[in-house]
Amino acid sequence: MSNETPIGPVGATDGRGHPGGSPREQSPLQARAQFLKNRSWELVVSLNRGACARGGAQHGFNRETQEACAREWAEKKQRILSAANASLYALCAAVVCSLGYVPSLGFIHDAGTLPFIYDVADLYKHLTSIPAAFLAVRQNPADDGDLVRKLLKQRVEEERLLQRMPRDLEMLFAETQANSDKSEIADRKSQMP
């Protein structure tokens, strides 16, 4: 067709210049490209940083914004982790109470009304609530707790926690009972003439 521009070699000027200019004059875009081509990248970066540092910069590093975003992100992670842990505590309370253990007699935790629940939950947090919380934050930072509960349920099912927890508690108390029986026998033997 007569109105098409012929294709030339890459990087060559089209010879027409820009509208309103002479045929040998470069367009503003070509002039900027040539300027950047002749400059080192470090110089361009330093010019941009200098422009940002002069105040009133709209782009670039902003310490206040970065700190606010980091604080907001930490609050979101903590909120979602708390929701996951609360659900795990409820599950542990159901298992502990159904087995007949007293939730207020803890070994590691001693404050509050449920220290044994917190002791038991600490055994399983690294398998369930912590991975679920971080996955929920990664998938949906605006999650209000629904996603983390769904992911926690998946982790509990994968780890077969409802079957595992009673066995683990029985083993824990069986070992404790066996150790106390051995110490009683040793005490009796030492008291014998």
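Assorted remarks:
- For SER46, SER129, the sequence from fewest to most other C-beta atoms within 10 Å is SER46, SER129.
- Label-to-label distance for HIS109 and CYS97 is 1.5 nm, based on points extended 7 Å past Cα in the beta-carbon direction.
- A quarter of the convex hull surface defined by the alpha-carbon atoms of segment 76-161 gives 5.5 nm² as the mean projection.
- Note on ARG167 and SER27: the model spin-label points, each 7 Å out from Cα along the C-beta direction, lie 7.2 nm apart.
- Rounded to the nearest 20 debye, the dipole size of segment 76-161 about its Cα centre is 300 debye, using +1 on the Cβ of Lys and Arg and -1 on the Cβ of Asp and Glu.
- Most tightly packed first, judged by the mean number of other beta-carbon atoms within 10 Å of their residues, the peptides 136-149, 86-99, 114-127, 66-79 read 114-127, 86-99, 136-149, 66-79.
- Between ALA90 and LEU43, the modelled labels are 6.4 nm apart [label points 7 Å from Cα along Cα→Cβ].
Rule-based calculations on the coordinates, nothing more; no lab input. Owing to the predicted nature of the structure, the values given are computational and were not obtained by experimental measurement. Cβ coordinates were reconstructed from backbone atoms using ideal geometry, including for glycine residues, and neighbour counts include every protein chain displayed.
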